[in-house]
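Written out below as structure tokens is the structure these notes cover.
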Amino acid sequence: MAISEFIIMRLLILFSLLASINTAFANIVVNGTRVIYPEKNNETIVQLINNGNDPALVQSWIDDGDINSTPETANVPFLLSPPVVKVSGNDGQQLRIKKLPASLPTDRESVFYLNILDIPPTPEHLQGKNTMQLAIKTRIKLFYRPNHLQAGVEQALEQIEVKAENKQFRITNNSPYYVTLANVDDKKVKNIDRFTHGSAVFTCFSTN
């Protein structure tokens with residue numbers, strides 16, 4: 001048997017196996033794309049919504065930037081409750097985040113990350129069948145905003161400096177807030193790709 005025929009046969013077998021497996025998808029949605037926690041608040045609340053008909057098990061935790069963090073390894077000055085909860089189908093659940101006594105910068109925002117792991121159960125009509133369960137993790141930014149920052153958030157844009165140097169942008173964020181550059185439309189600027197997909201985040205008092 002030729003190598004190409006062997007590969008094709010293995011692919012056909014794989015596809016036939018996948019075709020016989022039912023899939024259970026996650027349905028938990030986070031209400032919002034980021035969380036703002038003002039220091040003056042006793043706590044902040046994140047709303048979860050289960051858009052599916054089946055219940056889902058949700059595990060949540062906060063990390064300080066390590067994308068590989070787990071609930072066991074994450075070490076942050078926040079208490080999140082409930083860390084594990086079952087959300088009924090077509091229902092919602094609130095997550096409460098409360099800051100613990102800890103020293104954080106008072107002259108700028110601090111950023112953390114909220115992780116939501118959605119683990120769908122096996123629906124009753126799929127019990128006893130081959131089932132592929134897809135657990136989906138959502139990770140959004142959590143900004144801790146101290147009281148009495150020198151400038152209001154509405155003034156952050158005024159404190160962004162953009163300079164063209166050698167056909168490249170040099171961007172300085174002089175504000176105490178994290179700023180996300182959503183889009184840059186200038187085909188004459190080199191190496192601009194990293195600023196065109198909403199992924200360029202400028203930390204407080206930084207230059208890029």
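At pLDDT below 80, more than 17 Å from GLU39 (Cβ to Cβ), of a type in the set (Ser, Thr, Tyr) and under 25 Å from the mean Cα position of the chain (by Cα) - does that describe any residue in region 136-150?
Within region 136-150 (the criterion being at pLDDT below 80, more than 17 Å from GLU39 (Cβ to Cβ), of a type in the set (Ser, Thr, Tyr) and under 25 Å from the mean Cα position of the chain (by Cα)), the answer is no, since none of the residues qualifies.
For every residue, the table says whether it meets (1) over 15 Å from the mean Cα position of the chain (by Cα); (2) part of a loop (DSSP other than H, G, I, E, B); (3) not aromatic (Phe, Trp, Tyr).
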| residue | (1), (2), (3) |
| --- | --- |
| GLY65 | no, yes, yes |
| THR70 | no, yes, yes |
| ASN90 | yes, yes, yes |
| THR106 | yes, yes, yes |
| PHE112 | no, no, no |
| PRO121 | yes, yes, yes |
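Can you name every residue in region 92-103 that is assigned to a loop (DSSP other than H, G, I, E, B) and at pLDDT 95 or above?
Within region 92-103, LEU100 is the sole residue that qualifies.
Among (1) in contact (Cβ under 8 Å) with a residue 40 or more places away in the chain; (2) in a strand (DSSP E or B), there is one condition LEU79 misses while meeting the rest; what is its number?
(1)
Return only the number of the condition from (1) more than 28 Å from the chain's Cα centre (by Cα); (2) in a loop (DSSP other than H, G, I, E, B); (3) at pLDDT 80 or above that GLY128 does not satisfy.
Status for GLY128: all satisfied but (3).
May I ask you to list pairs of residues, at least six apart or on different chains, whose Cβ atoms are under 8 Å apart, with the first in region 18-40 being within 23 Å of ASN147 (Cα to Cα) and modelled with pLDDT of 55 or more and the second being part of a loop (DSSP other than H, G, I, E, B) and not hydroxyl-bearing (Ser, Thr, Tyr)?
Pairs that qualify, where the first residue is within 23 Å of ASN147 (Cα to Cα) and modelled with pLDDT of 55 or more and the partner is part of a loop (DSSP other than H, G, I, E, B) and not hydroxyl-bearing (Ser, Thr, Tyr), are PRO38/ASN147; GLU39/PRO146; GLU39/ASN147; LYS40/ASN147.
Taking the condition modelled with pLDDT under 90, in contact with a strand residue (DSSP E or B) (Cβ under 6 Å, 6 or more places away or on another chain) and not hydrophobic (A, V, I, L, M, F, W, C), does GLN133 pass?
In short, yes.
Can you tell me which condition PHE195 does not meet? The list is (1) over 23 Å from ILE36 (Cα atoms); (2) buried (at least 18 other Cβ atoms within 10 Å of the Cβ); (3) modelled with pLDDT of 75 or more, and all the others hold.
(3)
The values are calculated or read from the model by the stated rules, or taken from the named source; none is laboratory data. Quantities reported herein were computed from a predicted structural model and do not represent experimental measurements. Methodologically, a virtual Cβ is constructed for each residue, glycine included, from the backbone with ideal geometry; neighbour enumeration extends over all protein chains shown.
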